[in-house]
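**Q** One structure is given below, represented as structure tokens, and several questions about it will come after.
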Amino acid sequence: MSSSLGPHGPSAAVRYTPAQSMRASFFWRLYVGCVALILLSTVTLGVWFERRARADMLRDLDAALRARLVLLQDIAAGRWNEPPSADLVVRIQRLGSEGEARLTLVRPDGVVIADSERDPASIGNHRLRPEIEAAARTGEGKSERDSETVGRPYRYLARAVRVEGELVGFVRAAFPLDGLEAHITSLRVSTALTALAAASIAVVVALSFARRVSAPLAATAALAERIARGDYAGPTEPVEGADEIARLSEAIATMNRQLEERLETITADRNKVLAILGGMVEGVVAIDADERIVHMNAVAARLLGADPAAVEGRRIWEVTRVLAVSDLLDHARKTGEPRSAACSLVPPGDAGRAQVEIELRASAIRDGAGELFGAVLVMHDVTELRRLENVRRDFVANVSHELKTPLTAIRGMIETMIDDPEMPKEMQSRFLDRVRDQSMRLSALVTDLLSLAKIEANEGRGERTLIDLRARLRDAVARFGDVAARKRITLALELPEDAATVQADEESLRQILDNLLDNACKYTPEGGHVWARILRRPGELRVEVEDTGIGIEPADQARVFERFYRVDKARSRDLGGTGLGLSIVKHLANSLGGTVSLESSPGRGSTFRVHFPA
């Protein structure tokens with residue numbers, strides 16, 4: 001038993017006959033495949049050559065027909081509106097016979113004027129012929145069909161003739177395709193014989209090729225096995241008698257499993273990185289050592305006006321003209337030192353958008369050996385931060401100014417009274433009235449500031465319930481009745497018959513309505529009118545306060561809802577305004593899910609609207 005196995009174990013017993021039969025089977029499969037491929041290639045090449053030859057012949061034929069059309073157009077010049085003369089017919093027939101082509105003159109309505117082979121009277125109307133219709137549309141038309149007049153296959157080429165832009169007729173040239181088809185058939189036979197001879201030679205070559213391929217495949221299978229095991233330094237000689245295809249398939253499968261596991265790990269890591277980069281609010285651009293982009297996330301693409309799927313492999317300066325971006329990346333790529341900068345830009349395609357403020361920071365990318373491999377740039381949009389910083393600065397300045405004005409007035413009048421103990425009682429009384437007014441203004445300003453702060457912090461709001469706007473607007477109008485009466489302002493109330501309910505809290509509605517009515521009464525002169533109304537519109541309830549006051553210029557209308565913004569600062573201070581009322585209205589309306597709008601004409605009054613969702 002042991003002697004029959006030999007010194008190398010069971011594998012030595014199946015080393016020859018079975019493996020040789022398998023190799024023979026593979027050889028024939030390879031040989032038959034090569035022969036089939038050769039024959040298929042030969043047939044494909046023959047068909048292609050035939051089609052190419054036909055196309056070349058038709059192109060040459062079209063060129064010849066165009067030359068005939070030029071001559072025919074010259075012959076027919078100035079004769080389109082005249083009956084065809086004998087001289088014209090003779091010249092057309094001679095031109096047609098010299099070029100073995102059929103020539104035809106056709107009027108715009110399709111009536112044949114002259115033909116080089118037939119009597120025009122025996123020829124039907126040509127207006128609906130395909131080549132004539134195409135020429136009428138595009139200036140030139142062609143077709144290939146059997147002639148309805150002579151019953152032979154023709155290639156037709158027609159051209160529209162225009163004089164001073166007006167269509168005066170068509171010239172048409174045709175050539176019979178009998179000879180062309182005969183030539184193609186002859187060419188087809190010659191090509192087939194040549195291809196058959198070439199295929200016969202190729203089959204013999206394939207036989208030798210198939211015999212010689214089997215041995216290298218065995219070596220390839222052995223090499224693939226060693227690569228799969230990680231043995232890169234082993235011998236490269238093929239193992240005689242092995243089933244090359246099976247071994248190669250097994251080796252490739254092993255390699256595939258290992259590569260698949262590694263690729264899954266790499267892909268998972270890459271997806272994590274891409275997900276992180278894609279979810280960042282900052283723009284990220286990475287380049288390699290040649291300044292070619294290896295990654296650009298959606299935020300950076302939007303800021304730079306690029307397509308993230310189309311920029312990989314392109315140089316950074318080809319994608320963006322923002323000098324700061326390319327300079328920072330180039331510096332980090334060359335020196336390895338991080339660098340920061342700031343720039344302003346308008347994203348391409350956002351023509352209506354304001355300028356965007358960007359902070360940039362570039363760092364170098366190094367490979368496993370610590371060598372510089374490229375650079376990465378992070379783009380942080382700080383536009384909103386800059387805007388908030390400006391808003392905060394303006395707010396502090398406005399608050400300081402608004403608080404300082406009444407405090408200065410109070411201090412000045414009190415100091416005057418202290419420095420003049422013998423001041424008349426009447427003047428003291430007038431000064432004290434002014435102090436009281438300024439202190440009340442100061443109190444109103446502080447109250448409005450606290451209200452605005454609570455609104456923005458979403459604090460101090462009561463529980464929201466369904467509230468009927470009619471009762472709240474009626475109460476607000478009643479509260480301002482005395483104010484309107486003192487200025488002889490007619491204060492009118494217009495309410496719908498049905499309930500007008502909104503989801504809100506009592507305090508928010510009171511502040512909205514009081515501020516709108518207060519604003520209308522302040523800026524409406526004596527004898528004016530103020531209307532407070534509730535309107536029902538599809539999907540919303542609208543509160544309107546309309547007045548016949550001083551009105552607002554169009555340039556100021558977009559800013560009247562800003563804090564401390566006044567159209568007429570001197571007039572506003574005289575009337576005791578804080579500049580916060582309309583801002584409070586806007587913030588409260590937004591907190592209730594509504595919006596505000598304004599319609600105004602200078603000198604004719606204003607209409608403020610609050611739109612509540614129904």
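**Q** Regarding R302, is this residue more than 22 Å from V382 (Cα to Cα) and basic (K, R)?
**A** On the way: more than 22 Å from V382 (Cα to Cα): no; basic (K, R): yes.
Criteria not met by R302.
**Q** Exactly one condition in (1) modelled with pLDDT of 80 or more; (2) over 21 Å from M280 (Cα atoms); (3) touching a Lys or Arg at 6+ places or on another chain (Cβ under 9 Å) is not met by T335; state its number.
**A** (3)
**Q** Can you find a residue that is out of contact with any Asp or Glu (no Cβ under 8 Å at 6 or more places or on another chain), at pLDDT 85 or above and either outside any loop (DSSP other than H, G, I, E, B) or closer than 21 Å to F373 by Cβ (or both) anywhere in region 299-316?
**A** Yes; the residues of region 299-316 include at least one that is out of contact with any Asp or Glu (no Cβ under 8 Å at 6 or more places or on another chain), at pLDDT 85 or above and either outside any loop (DSSP other than H, G, I, E, B) or closer than 21 Å to F373 by Cβ (or both).
**Q** Tally the residues that are of a type outside the set (A, V, I, L, M) and touching a helix residue (DSSP H, G or I) at 6+ places or on another chain (Cβ under 6 Å), restricting the search to region 519-542.
**A** 2
**Q** Another question, then. So how many residues does region 155-187 have that are under 52 Å from the mean Cα position of the chain (by Cα) and either free of Cβ contacts under 8 Å to residues at least 24 places away in the same chain or farther than 21 Å from D62 by Cβ (or both)?
**A** 7
This table checks each residue for (1) within 60 Å of the chain's Cα centre (by Cα); (2) surrounded by fewer than 17 Cβ atoms within 10 Å (Cβ to Cβ); (3) of a type in the set (F, W, Y); (4) not assigned by TED's automatic domain parsing to the domain that holds A160.
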residue	(1), (2), (3), (4)
R91	no, no, no, no
A101	yes, no, no, no
T104	yes, no, no, no
D109	yes, yes, no, no
V112	yes, no, no, no
R118	no, yes, no, no
A121	no, yes, no, no
G124	yes, yes, no, no
R127	yes, yes, no, no
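**Q** Inspect all residues belonging to region 172-182 and state whether any of them is at pLDDT 65 or above and either touching a His at 6+ places or on another chain (Cβ under 9 Å) or on the phi > 0 side of the Ramachandran plot (or both).
**A** Just the residues of region 172-182 that are at pLDDT 65 or above, to begin with: 172-182.
Now drop any that are not either touching a His at 6+ places or on another chain (Cβ under 9 Å) or on the phi > 0 side of the Ramachandran plot (or both), which leaves 172.
The answer is yes, given that some residue of region 172-182 is at pLDDT 65 or above and either touching a His at 6+ places or on another chain (Cβ under 9 Å) or on the phi > 0 side of the Ramachandran plot (or both).
**Q** Okay, moving on. Residue by residue through region 65-77, note down the ones that are surrounded by fewer than 16 Cβ atoms within 10 Å (Cβ to Cβ) and either basic (K, R) or touching a residue at least 40 places away in the same chain (Cβ under 8 Å) (or both).
**A** Within region 65-77, R66, Q73 qualify.
**Q** Next up: In region 156-186, what count of residues is obtained for those that are basic (K, R) and in contact with a helix residue (DSSP H, G or I) (Cβ under 6 Å, 6 or more places away or on another chain)?
**A** Adding up the residues that qualify gives 1.
**Q** Determine if region 180-190 includes at least one residue that is in a strand (DSSP E or B) and surrounded by 14 or more Cβ atoms within 10 Å (Cβ to Cβ).
**A** No, every residue in region 180-190 fails to be in a strand (DSSP E or B) and surrounded by 14 or more Cβ atoms within 10 Å (Cβ to Cβ).
**Q** Does E131 satisfy being closer than 18 Å to A160 by Cα and part of a helix (DSSP H, G or I)? Steps first, answer last, please.
**A** Values: closer than 18 Å to A160 by Cα: yes; part of a helix (DSSP H, G or I): yes.
Yes.
**Q** I want to confirm something. Restricting to region 500-518 and keeping residues that are under 43 Å from the mean Cα position of the chain (by Cα) and farther than 14 Å from I534 by Cα, which single residue is modelled with the lowest pLDDT?
**A** Going through the qualifying residues, I end up with S508.
**Q** In addition: Could you say whether any residue in region 459-474 is at pLDDT 85 or above, within 30 Å of K404 (Cβ to Cβ), assigned by TED's automatic domain parsing to the domain that holds T548 and surrounded by fewer than 19 Cβ atoms within 10 Å (Cβ to Cβ)?
**A** No; the residues of region 459-474 include none that is at pLDDT 85 or above, within 30 Å of K404 (Cβ to Cβ), assigned by TED's automatic domain parsing to the domain that holds T548 and surrounded by fewer than 19 Cβ atoms within 10 Å (Cβ to Cβ).
**Q** While we're looking at this one, here's another question. Say we look at region 309-333 and pick out the residues that are surrounded by 13 or more Cβ atoms within 10 Å (Cβ to Cβ) and among the basic types (K, R); which of these is nearest to D367 (Cα to Cα)?
**A** R333
**Q** Here's a follow-up. Checking R152 against (1) in the same structural domain as E50 (by TED's automatic domain parsing); (2) within 23 Å of A63 (Cα to Cα); (3) of a type in the set (D, E, K, R), which test does it fail?
**A** (1)
**Q** Restricting to region 143-169, what's the tally of residues that are surrounded by 17 or more Cβ atoms within 10 Å (Cβ to Cβ) and at negative phi?
**A** Step one: list which residues in region 143-169 are surrounded by 17 or more Cβ atoms within 10 Å (Cβ to Cβ), which gives 149, 154-161, 168-169.
Filter again for at negative phi, leaving 149, 154-161, 168.
Here the count works out to 10.
The values are calculated or read from the model by the stated rules, or taken from the named source; none is laboratory data. Keep in mind the model is a prediction, meaning the values are calculated, not measured. Cβ: placed from backbone, ideal geometry, glycine included. Neighbour counts: every protein chain shown.
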